[in-house]
Amino acid sequence: MEDGCNLYICRKLPFLRPMPAETVLFLTYWYPTSNNQSFAIFVKRHAHAIALQNKVIVLSLHFSKGAGIFSKNVNVSRDEANIETHQIDVKSRFNKILFLLLPLHYLLLKSYIKSQLIPANNISIIHSNIIFPCAIVARRLAKNLKCRFVITEHWTKLDKFFRVSLYSNSGKRTYDKADAITVVSEQLADTVKKYSSSHKIHIVPNIIDTSEFYFDETILKNKQLTFVAAAHWGQFKNPFYFLEALRQLKNENKLNDFKMVMIGDGEQIPKIKDSAYNFEIEYKGQLNAKQLCREFNTSHIFLHGSDFETFSVVIAEALMCGLPSVVSPVGIALEVINHTNGEIAENNITSWKEKIMLCCNKKYDNKLISQQLKGRYDSKAVGELFTSIYKNL
């Protein structure tokens, strides 16, 4: 009878019913789609890491070109990690204008969250990705829904955004109002601090799969000294630092029998081909993880020239494959490069020549290099960092 009374009271008084476990709403505008599975894969890996210890729902909003004025398509699925994923795709011939209309984003997302997500979920944290437009919109959502509010920042264009965007003041307020901000490197933390007075900035790195990138002792190195570089050769990447250094070293007879392997596509590749370098360059184009791992294992020295990056996953991938590396001082370079695994070159030709020669004349332990980052960037470690931040909000 007593149990029956308790059941009766719970039915009459909904606030006495047990609530479901707290849920993290992982909100992002950058996320892989069915048409582009690799787009912003680093954001998806964060979601998977968080889901190891928390209930996570992914909600992504994407604006794309369409024939009409406005259409909306919603796809709901569970991904390979069994994470409930909601993807809203807005199509319009005015997609670039709609992308700037943040009040519209807010109304779309609020309506969807309240009608489709809240009835079945006890959402307590909104975890947004990238200040514009996602985090700015998420701050209003968190306030309306009375949720705690977290930002993860990846964006290389922060300086430009805060310099020219009409939303720059909203961006600063958003940073300052966040319950926590995570960034993927110390260098990015320094950038965020230029625009925020927040003392709640934490470094949580990107994730690198050690099952895909590793030193394979069974793979023989090329007989010819091989330098390798891999990237999407677009904005901020600058391969000409090391290519011009190699040209001069060749002219000065300091390096003779060597080749350069360029992996990846992008706007810089035609410029490289037009430069008529005086040494062999192999162009490999886009490679999958397995192919890239093999190229790293057959090469001798990894080179990475860049003017700015927030993390630079490829530096860690090369190191995990045991490659000594000469890199620009970007992303995680200052955190992971040391005298046992390579050199950091200043972004000028003289420094690159010096560092390349230092690396060529030094004997490295490839296996030791491959073990230095063990456990540092795996899903478990990153997931625990996020969970610790959530518990301390």
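The values are calculated or read from the model by the stated rules, or taken from the named source; none is laboratory data. The structure displayed is predicted, hence computed values, not measured ones. When we count neighbours, we look across all protein chains shown, and the Cβ atoms used for this are built from the backbone with ideal geometry, even at glycine. Just so you know, the surface numbers come from the protein's heavy atoms only, side chains and all, with ligands and any DNA or RNA stripped out. Shrake-Rupley method; radii C 1.70, N 1.55, O 1.52, S 1.80 Å.
Results, tabulated for the structure shown:
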quantity	calculated
Per-region count, segment 316-337, residues touching a residue at least 60 places away in the same chain (Cβ under 8 Å), assigned to a helix (DSSP H, G or I) and under 20 Å from F215 (Cα atoms)	4
Those helices (runs of 4 or more DSSP H) lying entirely in segment 340-393 with at least 3 residues out of contact with any Phe, Trp or Tyr (no Cβ under 7 Å at 6 or more places or on another chain) and crowded, with 20+ Cβ neighbours inside 10 Å	349-360, 379-391
Test: residue in segment 7-23 that is in contact with a Phe, Trp or Tyr (Cβ under 7 Å, 6 or more places away or on another chain) and either modelled with pLDDT under 80 or assigned to a strand (DSSP E or B) (or both)	no
Considering residues of segment 193-222 that are under 27 Å from A318 (Cα atoms) and surrounded by 19 or more Cβ atoms within 10 Å (Cβ to Cβ) only, the residue farthest from the chain's Cα centre (by Cα)	F215
Qualifying residues in segment 282-303 (those that are among the basic types (K, R) and over 12 Å from M260 (Cα atoms)) - the one surrounded by the most Cβ atoms within 10 Å (Cβ to Cβ)	R294
F63 being buried (at least 19 other Cβ atoms within 10 Å of the Cβ) and among the aromatic types (F, W, Y)	yes
Pairs, first closer than 13 Å to Q371 by Cα in segment 198-213, second open to solvent by 70 Å² or more (accessible area, probe 1.4 Å) and among the basic types (K, R), C-beta under 6 Å, six or more apart	none
Residue match in segment 121-140 (condition: over 24 Å from G171 (Cβ atoms) and open to solvent by 80 Å² or more (accessible area, probe 1.4 Å))	no
In segment 223-256, residue surrounded by the most Cβ atoms within 10 Å (Cβ to Cβ) [restricted to those that are over 26 Å from the mean Cα position of the chain (by Cα) and part of a loop (DSSP other than H, G, I, E, B)]	L255
